[in-house]
1. Can you give me the Cα centroid spacing of region 272-325 and region 131-150 in angstrom?
2. Take Val335, Val203 and order them by how many other Cβ atoms sit within 10 Å, fewest up front.
3. Compute the orientation-averaged projected area for region 1-122 from the convex hull of its Cα atoms and round it to one decimal in nm².
4. Sort Arg261, Arg307 so the one with the fewest other Cβ atoms within 10 Å of its own Cβ comes first.
5. As an exercise, take the mean of 1/r over every pair of distinct alpha carbons in the chain, invert it, and state the Kirkwood radius in angstroms.
6. What list do you get for Glu238, Glu91 if you sort them by fewest beta carbons within 10 Å?
7. Quick check on my link table: of Lys199/Lys415; Lys277/Lys310; Lys6/Lys130; Lys142/Lys299, which ones sit more than 19 Å apart, alpha carbon to alpha carbon?
8. With r as the distance between the Cβ atoms of Leu115 and Glu84 and R0 = 35 Å, compute the FRET efficiency 1/(1 + (r/R0)^6) and round to 0.05.
Amino acid sequence: MNTPEKIPFNVEAENYILGCIFIDSQLAGEIVTRIGPDDFYSKENKNIMTAILNLYQRGEEIEYVKTLEELKTMKLLEASGGSEYLYNIIESLPSTANIDAYIEVLEEKSLLRQLYYTVGKIGREVLEGKYPFSIVGERAQKELNTIIDRRKTGDVKKIHRFTTQVLDIIEANKSKTGAVIGLDTGFDEINKYTFGFQKGELVILAARPSIGKSALALNIASNACRNVDANVAFFSLEMGIDQLTMRLFSSFSGLSISKIRSGNLTPTEMATLLAAKSSVDRLDLYLDETSNTSLNDIKAKCIKLKRENKLDFVVIDYLQLISVPGFKGGRVEEVGVISRGLKLMARELDIPVLALSQLSRNAEQEGYPLLSHLRESGSIEQDADIVMFLHREQQGKESDINDMNQKRLVNHNTKLIIAKNRQGATGMIDLIFKGALSTFSQK
């Protein structure tokens, strides 16, 4: 078991920061908004910082005598080392020049202690056995994420800190061949509008049911695996793994899904199917069909894959089926939490995330779909970097086919509408949906 001496802390940094508050009153406001009493390990320093924070919140001047009086009022003066301890902190301060460095040290030690205590707490809950894994695991995920998110909070920085970094990205993109500087979707027209899906982007693909959004998402996922050897995680909350795999077999073999499902294959067709299976087996495609998947579940699995260098792209089918256990607000607010969570995950893991979404019935009544038609939209439109709609007008022979299964076998002219594109142009792309193969191709 760790002894107190091994627990992360730095008294020198604590004393330096307290001294700076008394020496330079202009630093006080900045310091107390960045760190608080709980960031100090020394009990004496924790008490002093509490007294300082009390003075600051009341709008009083922070200086030696007032702090002593505040400690007396709190009945903590002796427990804080007395007046001599506080005087020595001030007298031993050489300068305030390195305050930022010392604050960073203190923040680092504080976060490491929080991590240590949290892991210990989780360990005790596991040993006590009072709660199932689902509860302990989700609680652990939430508490650890809180610590990690706090670590990512930094100061605002002057623009010159970023210009060189961005210039390096531009130079790297310049050296790439073709128009794709992100993840290759396998569709030239989509790549032209997006330059490929970019790291940190949340891409929304929305449509009414049975238009083919799952098929297009699977096409893009498999194209990324084949074209650039990408590692792709596909979360299928609606469709089973057997259905997804059959679609891949059909796409890779050219055999219809209905024929594959029936098993009524000639020896030649079976050989073609086995060759397709061999190609599918080589894809770095990771499928998950867990029902009732929560946002934390998805993120935990993605973090694990990323840590193992097995994640370049995530597809989620579909957004409205994700849950946030324990959420107390309405459904619109919950979907907003989910979309924001997916955007943050894209940024934190530095990957593009493609999330499918339903459209409201109004999209059928008003012709072409609009951003306002995103079902239970919440902040989906706001959080997304790219929003794409699949749209199909049923005309002619297609509308004469009443049987839904037969409709799926027809080749459909389909529009892919790029309604929002934060880094590029919006527009419309013509696609053909080959129903028998559940595959999209460019017109």
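1. Result: 21 Å between the Cα centres.
2. The order, fewest Cβ neighbours first, is Val335, Val203.
3. Averaged projected area of region 1-122's Cα convex hull equals 7.9 nm².
4. Arg307, Arg261
5. Here the Kirkwood hydrodynamic radius works out to 25.9 Å.
6. Glu91, Glu238
7. Lys199/Lys415; Lys277/Lys310; Lys6/Lys130
8. Once rounded, the FRET efficiency stands at 0.50.
We did not get these values from a lab; they are worked out from the coordinates using the rules stated. Since we're looking at a predicted model, the values are computed, not measured. Please note: Cβ atoms are built from the backbone with ideal geometry, for glycine as well, and neighbour counts cover all protein chains shown.
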